[in-house]
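Data block below; observations after.
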Amino acid sequence: MYRLKLIFMLMALFIFFQIDIDAARAAPKLEVKAEVGVNNTIKLYQPLPIKLTITNSGSDFSGDLVIDAKVTYSVGSAQVYPLDLAEGETKTLTMYLDGISDDYFNLSQNEPLFVFYEGGIEKGKKIDYSGDKNPRFRYFYDGDASFIFTYTENSDRLAALLRLNQYVQNKVEIFHLNQLSGYDFPSDYKGLAMADLFVVDEMNIGDLPEEKQQALLEWVEKGGILLVGAHEQIDRSMGILSDYLPLQLSSEKVVVTKEALGELSKGGIFTDNIEVFQATERKGSKKILADQDTILASFIDLGKGRIIQTTFSLGDQPLSVMDGYGKLLSEILNVQTSFANLSRANYLDSIAYELKNLNELFPSFQVNTVLVIVTIILYMFIVGPILYLILKKLDKREHAWWVIPVLSIGLTLLMFVFGAKDRILQPQIHQSAFYKVDGKDLTGYYAESILTNRSGDFVLTMDENTTSYAVIGYGVESAGSLHEKAYTENHGNGSTIHLRNLNYWAVKSVIGESNIPNAGNFEIDLTVKDSVIEGTVKNNFPFIIKDVTIWSGSRKIEIGDLKPNETVEVSKEIKSSILIKPVPYRGYWDEPKEVEQLIPKRIEQLQYQSLNLVDENQPVLVGWTEEALVGIQLENSAELSPIAVIVQPFQPKLEIQGEFTINDSMMETYVYPMNGGYADIMDEQTKEWNISPGEHEY
């Protein structure tokens, strides 16, 4: 019997180990090689490309690739991509992330950037892999470096771009894209998002696939600056962007003298004359530099960005080798302002902090103290003298031992249901958004906060014009893998964000960017004369706009509510000769004490945030609506409380007779370091600057 048992045990062990060996042989065996950013260089917090080469030397893999990258300190969601790899197959994938925070460099080796789930992230099994689990790369903070991308046949032709370092506060990094080994021009604008300037030097953009031309166009519309040099075939070579060039070049050339170049560049040294194409400006274009009637450079605004075109070749000699060329380019590009960008991380984090805190206060949080006290007093009377008298009258006083607990439990449940009725039936959502009018489009940001009515996962769906990042927070809240808290999946016409493992009656927020094409605008026809503003304002939005106000400096001129297609006559005394850019209130944002203060406080905060979208030195028209404008929706039904503030800069007609006064608050002030150093504005209201020693231009 003992020998028989031993034989059975040995057979069982053999079968067990054989199964384990076969399972191990059958498992996928993945190896990852990663290239992050452009030439393995990124700007932190900015969208970027990531190129992965994945080899499977094991059995077939079918599941999800997860990239755990926060966008900023406090917001971000893992990105999930479906992936199928046959045995022995290698795939090279280019994906586009919304950003990488410097939190990434604090990750341990136990928290890889890439995670693979065989069978999918929800129900699949995490599998190990070899290769680049935590790839390293060069990185710059958003304000520390300006990135220039070039498209040229020879990088030596654009050597003068290196001289721009003399005229900007931060460092200039230049990437000659088609000189980089293995570089593939991006098919998504996010692949270019790190660039402050894109330079095209006699290269054929029209030869690129249309989706890549579209990516470059979208990059400009989202705020990029495109510099295009002149040559004979410029209209054909620029592909779909040729329709947006500011100049029409002729075949005739004229001479610009070295003296004129020195004057136009404000002190640049030139040793030869140059030839430029004669050109005429297209509709909407504006001159940057001209020698009398001869245009050297013009620009046209496109969305939030700009296309600059010169009438000379950017890389031809003798101009490209003269000392003054760098100074000339700095004047054309206005590098002090065009290379001074707001940090995306600071902006998203400020929204996550300032807007989220108000947005997460729900009316159902307020406890009605009077009602609680009255209920307790009634309970004391009911279980005390009233219950005693009833039981005494019925001669049932011996039943008090069970009647009192049952009555207590019943009243407690009744209080709970009455007090929590708003939280039980369905989740509640506060949606707070702020937009700037751009033509007939709206562009802006939003915060959406969910008060859950159950535990588990919540799924939000976004359209193609809306991004979404989970607000993760700091400390314990941010510990662990990002995809265990929130992840995003992209689809053909939008995306979904999954908020995972939320508690019962928890509050979770997401923030993001929101764009609404063809939404409408304000039709503004106003004139300032004799310290009075007069004219009309029409609401071209398909919804009511409430509390429409003209905001100039610290003064607010109320107009009132405007229904769709309604036009209102305006005649208001303004006590000044002109209207100026609004000055936002920068005081302490205290939390509302009463439910009635929630909506006004949300509106006040959104108005303040909306002014950050205004670059123009102009007054604005601002109002708010209770329409749900953001292209985001919870998978299940919810009680929604939306507020959206809309701001539109405008330039009123100005009629001035006699003397008038302009003070410093009516002017935009800049301080530019002339020979290195820095100059940072500390307070817009007091015009207080932090300036390094040295020579500066005011």
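The values are calculated or read from the model by the stated rules, or taken from the named source; none is laboratory data. Remember, predicted model here, so these are calculated numbers, not experimental data. Note: ideal-geometry Cβ built from the backbone for every residue, glycine included; neighbour counts use all protein chains shown. Ligands, DNA and RNA are excluded from the accessible area calculation, which covers all protein heavy atoms including side chains. Shrake-Rupley method; radii C 1.70, N 1.55, O 1.52, S 1.80 Å.
Counting only residues that are part of a strand (DSSP E or B) and open to solvent by 10 Å² or more (accessible area, probe 1.4 Å), which one in the stretch 32-62 is nearest to Phe198 (Cα to Cα)? Checking each candidate, the answer is Pro49. When residues in the stretch 603-630 are screened for being open to solvent by 20 Å² or more (accessible area, probe 1.4 Å), part of a loop (DSSP other than H, G, I, E, B) and in contact (Cβ under 8 Å) with a residue 12 or more places away in the chain, 7 of them pass. Return the total of residues in the stretch 535-549 being under 19 Å from Leu442 (Cβ atoms), assigned to a strand (DSSP E or B) and not basic (Lys, Arg). Total meeting the criteria: 6. For the stretch 486-530, a residue qualifies if it is touching an Asp or Glu at 6+ places or on another chain (Cβ under 7 Å), open to solvent by 40 Å² or more (accessible area, probe 1.4 Å) and closer than 30 Å to Ile656 by Cβ, and exactly one does: Lys529. For the stretch 64-82, a residue qualifies if it is open to solvent by 10 Å² or more (accessible area, probe 1.4 Å), touching a Phe, Trp or Tyr at 6+ places or on another chain (Cβ under 9 Å) and more than 22 Å from Leu192 (Cα to Cα), and the qualifying residues are Asp64, Tyr73. If you filter the stretch 424-449 down to residues that are surrounded by fewer than 23 Cβ atoms within 10 Å (Cβ to Cβ) and among the β-branched types (Val, Ile, Thr), you find that the one that is nearest to Leu413 (Cα to Cα) is Ile424. Taking the stretch 122-148 as the range and being over 26 Å from the mean Cα position of the chain (by Cα), crowded, with 18+ Cβ neighbours inside 10 Å and assigned to a loop (DSSP other than H, G, I, E, B) as the test, only Asp132 passes.
At pLDDT below 90, under 30 Å from Gly326 (Cβ atoms) and not β-branched (Val, Ile, Thr), is that true of Met667? Here the answer is yes, as Met667 does meet what is asked. Right, Tyr73: under 30 Å from Leu355 (Cα atoms) and either assigned to a strand (DSSP E or B) or among the β-branched types (Val, Ile, Thr) (or both) or not? Considered against the rule, which asks whether it is under 30 Å from Leu355 (Cα atoms) and either assigned to a strand (DSSP E or B) or among the β-branched types (Val, Ile, Thr) (or both), Tyr73 comes out as no. It is to be established whether one or more residues within the stretch 454-469 are under 30 Å from Lys222 (Cβ atoms), touching a helix residue (DSSP H, G or I) at 6+ places or on another chain (Cβ under 6 Å) and modelled with pLDDT of 90 or more. The answer is no; no qualifying residue exists.
Here Leu113 passes the criteria (1) open to solvent by 10 Å² or more (accessible area, probe 1.4 Å); (2) modelled with pLDDT of 90 or more except the one numbered (1).
Residues of the stretch 86-97 that are more than 16 Å from Glu35 (Cα to Cα) and open to solvent by less than 40 Å² (accessible area, probe 1.4 Å): none at all.
Return a yes/no flag: does the stretch 259-273 have any residue that is open to solvent by 70 Å² or more (accessible area, probe 1.4 Å), more than 24 Å from Ser330 (Cβ to Cβ) and either among the charged types (D, E, K, R) or touching a Gly at 6+ places or on another chain (Cβ under 7 Å) (or both). Looking through the stretch 259-273, none of the residues is open to solvent by 70 Å² or more (accessible area, probe 1.4 Å), more than 24 Å from Ser330 (Cβ to Cβ) and either among the charged types (D, E, K, R) or touching a Gly at 6+ places or on another chain (Cβ under 7 Å) (or both).
Per this entry, Ile580 is not counted among residues that are within 19 Å of Glu616 (Cβ to Cβ), in contact with an Asp or Glu (Cβ under 9 Å, 6 or more places away or on another chain) and crowded, with 17+ Cβ neighbours inside 10 Å. Annotation: of all residues in the stretch 545-558 being open to solvent by 20 Å² or more (accessible area, probe 1.4 Å) and free of Cβ contacts under 8 Å to residues at least 40 places away in the same chain, the one that is farthest from Pro619 (Cα to Cα) is Glu558.
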